[in-house]
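Shown next, in structure tokens, is the structure this report addresses.
The values are calculated or read from the model by the stated rules, or taken from the named source; none is laboratory data. Since we're looking at a predicted model, the values are computed, not measured. Because the Cβ atoms are built from the backbone with ideal geometry, glycine has one as well, and the counts that use them run over all protein chains shown.
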Amino acid sequence: MQDTIVTHLTPKSPISEAFRNMRTNVLFSDIDNERKVLAITSCGGSEGKTTILANYGVTLCQSGKRILIIDCDLRKPQVHRRFELDNSTGLTNLLLKEIKTVDAFRKTEVPNLFAISAGPIPPNPSEILASRRMAEIIEELKLHFDYILLDTPPLGMVTDAAVLNPVVDGYIVLASLGSVHRDALLNVLDTFKKINAHVVGIVANKVPISKKFSKYGYYSAYAYYGDENQPRQKAKKEKKKWRKDTVIKKIEPLIEQGVNERTEPNPAE
Ligand SMILES: Nc1ncnc2c1ncn2[C@@H]1O[C@H](COP(=O)(O)OP(=O)(O)O)[C@@H](O)[C@H]1O
Ligand SMILES: [Mg+2]
């Protein structure tokens, strides 16, 4: 088990307490509807989806639930690494009916936490995640677990997270502060609105804990701004300004504008 699973290694730490708050908020976000299958996604890669999902899973187990994490990131699977599990077979073999459902989920070091790793990477992830077979598998697995958590690739880059909507009861959108841009996040929320998906909430990750926050370390991944014909200096200056304007540094205003306005079903539609 990797040391990024802090909730298991140090259950009394402030970080673990933050995950318990997340658990309470998610569970109470919609108490009339049981949301058994939750998926996590984000705009970009390396925002912390796998890390947060794994820790969230551990926290749910600590409240006495039986949890399954499925690695639906069939592009950059990481769940097996986090829990140090074998990935020679996994979800893809299950989808191809090469293995049985009961043989697919593996025990982790955390009591009551199980995982299905991705298995061999297929050529057509979106297609197979959208298949009827995937829905059958989830239905069957629901009989064995209290909650099923799906790890997915970034929705700002590929559609895999969205095609899972028919099997997902709620999405957790992860936003890595200091790296994700407002418009990219609003696009993701718009995508969910269009497909009538339920967003349980936005979780802020990599929240700054010191003044060093002004040194953003993740800019390069999002450097899609820039006109090659512009003089370099000017382009650099404008890029800096644009980044300063749009990088999300606080989650609260976004939740007010974004989630509340964008994910409520519109009766006129
Ligand atoms: N809150 C955090 N603080 C510090 N490092 C983090 C945090 N969340 C994630 N990371 C690190 O960032 C990297 C990417 O995280 P990962 O969960 O693999 O992202 P994703 O699944 O979105 O690609 C990993 O090395 C992970 O340990
Ligand atoms: Mg990941």
Next item on the list: Could you look through segment 49-87, keep only residues that are basic (Lys, Arg) and closer than 18 Å to Met22 by Cβ, and pick out the one that is farthest from ligand 2 (Cβ to nearest atom)?
Entry: Lys65
Margin query: So for segment 21-28 (the condition being within 16 Å of ligand 1 (Cβ to nearest atom) and surrounded by fewer than 15 Cβ atoms within 10 Å (Cβ to Cβ)), does at least one residue qualify?
Written below: yes
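Does Leu74 meet the test of being surrounded by 20 or more Cβ atoms within 10 Å (Cβ to Cβ), closer than 19 Å to Leu189 by Cα and either within 16 Å of ligand 1 (Cβ to nearest atom) or modelled with pLDDT under 95 (or both)? Give the derivation first.
Values: surrounded by 20 or more Cβ atoms within 10 Å (Cβ to Cβ): yes; closer than 19 Å to Leu189 by Cα: no; either within 16 Å of ligand 1 (Cβ to nearest atom) or modelled with pLDDT under 95 (or both): yes.
So Leu74 does not fit the description; no.
How many residues are assigned to a helix (DSSP H, G or I) and among the hydroxyl-bearing types (Ser, Thr, Tyr) when one looks only at segment 29-62?
Here is the first cut: in segment 29-62, the ones assigned to a helix (DSSP H, G or I) are 49-62.
In the following step, the residues that additionally are among the hydroxyl-bearing types (Ser, Thr, Tyr) were identified as 50-51, 56, 59.
Matching residues across segment 29-62 total 4.
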Checklist line | Index of the failed condition, Ser16 passing every other in (1) out of contact with any Ser or Thr (no Cβ under 7 Å at 6 or more places or on another chain); (2) away from ligand 2 (no atom under 16 Å from the Cβ) | finding: (1)
Check: Hey, among the residues in segment 44-71 that are basic (Lys, Arg) and more than 8 Å from ligand 1 (Cβ to nearest atom), which one's surrounded by the most Cβ atoms within 10 Å (Cβ to Cβ)?
Finding: Lys65
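Within segment 3-25, how many residues turn out to be touching a residue at least 60 places away in the same chain (Cβ under 8 Å), outside any helix (DSSP H, G or I) and over 17 Å from the mean Cα position of the chain (by Cα)?
Keep residues of segment 3-25 that are touching a residue at least 60 places away in the same chain (Cβ under 8 Å), which gives 4-5, 8, 22, 25.
Subset that is outside any helix (DSSP H, G or I): 4-5.
If we keep only those that are over 17 Å from the mean Cα position of the chain (by Cα) too, we end up with none.
Number of matching residues: 0.
Are any residues in segment 88-101 among the aliphatic types (A, V, I, L, M), touching an Asp or Glu at 6+ places or on another chain (Cβ under 9 Å) and away from ligand 2 (no atom under 16 Å from the Cβ), and if so, which ones? Steps first, please.
Our first condition is that a residue be among the aliphatic types (A, V, I, L, M); within segment 88-101, this holds for 91, 94-96, 99.
Going one step further and asking which of them are touching an Asp or Glu at 6+ places or on another chain (Cβ under 9 Å), we end up with 91, 94.
Answer for segment 88-101, where residues must be among the aliphatic types (A, V, I, L, M), touching an Asp or Glu at 6+ places or on another chain (Cβ under 9 Å) and away from ligand 2 (no atom under 16 Å from the Cβ): just Leu94.
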Margin query: So in segment 171-183, with the set limited to residues that are in contact with an Asp or Glu (Cβ under 9 Å, 6 or more places away or on another chain) and in a loop (DSSP other than H, G, I, E, B), which one is nearest to Pro154 (Cα to Cα)?
Written below: Val180
Check: With respect to the numbered conditions (1) more than 16 Å from ligand 2 (Cβ to nearest atom); (2) among the aromatic types (Phe, Trp, Tyr); (3) within 30 Å of Leu186 (Cβ to Cβ); (4) in contact (Cβ under 8 Å) with a residue 24 or more places away in the chain, which one is the sole condition not fulfilled by Phe28?
Finding: (4)
Next item on the list: Answer yes if at least one residue in segment 38-47 is touching a Cys at 6+ places or on another chain (Cβ under 8 Å) and within 23 Å of Glu139 (Cβ to Cβ), and no otherwise.
Entry: yes
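Only one of Glu127, Glu98, Glu109 is away from ligand 1 (no atom under 16 Å from the Cβ), acidic (Asp, Glu) and assigned to a helix (DSSP H, G or I). Can you tell me which?
Working: Glu98 fails: assigned to a helix (DSSP H, G or I); Glu109 fails: assigned to a helix (DSSP H, G or I).
Criteria check complete, one pass: Glu127.
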Margin query: If I filter segment 184-202 for residues that are over 20 Å from Thr246 (Cα atoms), under 16 Å from the mean Cα position of the chain (by Cα) and in a loop (DSSP other than H, G, I, E, B), do I get at least one hit?
Written below: yes
Next item on the list: Kindly indicate the residue of segment 1-14 that is surrounded by 13 or more Cβ atoms within 10 Å (Cβ to Cβ) and at pLDDT 90 or above and also farthest from ligand 1 (Cβ to nearest atom) among those meeting that condition.
Entry: Pro11
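Confirm whether Thr41 is buried (at least 20 other Cβ atoms within 10 Å of the Cβ), without any contact (Cβ under 8 Å) to a residue 60 or more places away in the chain and touching a Lys or Arg at 6+ places or on another chain (Cβ under 9 Å). Steps first, please.
Details: buried (at least 20 other Cβ atoms within 10 Å of the Cβ): yes; without any contact (Cβ under 8 Å) to a residue 60 or more places away in the chain: no; touching a Lys or Arg at 6+ places or on another chain (Cβ under 9 Å): yes.
Against the criterion (buried (at least 20 other Cβ atoms within 10 Å of the Cβ), without any contact (Cβ under 8 Å) to a residue 60 or more places away in the chain and touching a Lys or Arg at 6+ places or on another chain (Cβ under 9 Å)), Thr41 does not qualify.
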Item checked: Residue list for segment 77-95, filter: assigned to a loop (DSSP other than H, G, I, E, B) and within 16 Å of ligand 1 (Cβ to nearest atom) -> Pro77, Gln78, Glu84, Leu85, Asn87
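Among the residues in segment 149-161, are any in a helix (DSSP H, G or I), farther than 23 Å from Leu60 by Cα and over 16 Å from the mean Cα position of the chain (by Cα)? Give the derivation first.
Step one: list which residues in segment 149-161 are in a helix (DSSP H, G or I), which gives 160-161.
From the residues that got through so far, the ones that are farther than 23 Å from Leu60 by Cα too are 160.
Add one more test, that the residue is over 16 Å from the mean Cα position of the chain (by Cα), and what stays is none.
For segment 149-161, residues in a helix (DSSP H, G or I), farther than 23 Å from Leu60 by Cα and over 16 Å from the mean Cα position of the chain (by Cα): absent.
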